[in-house]
Amino acid sequence: MSIPREEVLRIAALARLEIPADAVDRVAAQLSAVIDLAAQLDQLDLEGCEPTTFAPAEAPLRPDAPDGRQLDAERATASAPEAEDGHFLVPPIVEHLEP
């Protein structure tokens, strides 16, 4: 399925996204590919397949092996606008909250 430019622009306006004029055709092709993939998945014969509702109890994890690249709190906050005791300071999101 091919999505026309006008539809991409309409979707972008609804989502309040700015897509540069020279990228609209590329985005249309990418969206078309996603819809085509969904259509292929819809055609799969899943008769007799039980739906999976939960992740396995023990998810496979990669071994946590340090590679020598570590960033301590002092270096991480060195160029922050505001930092204190190795923590980033950020402005409050909710002000004047009265219970």
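Laboratory data are not the source of any read-out in this text; all were calculated from the coordinates shown. Predicted model only: the values in this text are computed from it and were never measured. Cβ: placed from backbone, ideal geometry, glycine included. Neighbour counts: every protein chain shown.
Residues in segment 23-43 include none that are over 30 Å from residue 11 (Cβ atoms) and not hydroxyl-bearing (Ser, Thr, Tyr). Selection within segment 31-65: residues that are under 30 Å from residue 4 (Cβ atoms) and among the charged types (D, E, K, R). The member of this set that is farthest from the chain's Cα centre (by Cα) is 42.
Within segment 1-43, can you find the residues that are without any contact (Cβ under 8 Å) to a residue 24 or more places away in the chain and touching a helix residue (DSSP H, G or I) at 6+ places or on another chain (Cβ under 9 Å)? Result: 5, 7, 8, 9, 11, 12, 17, 18, 19, 24, 25, 27.
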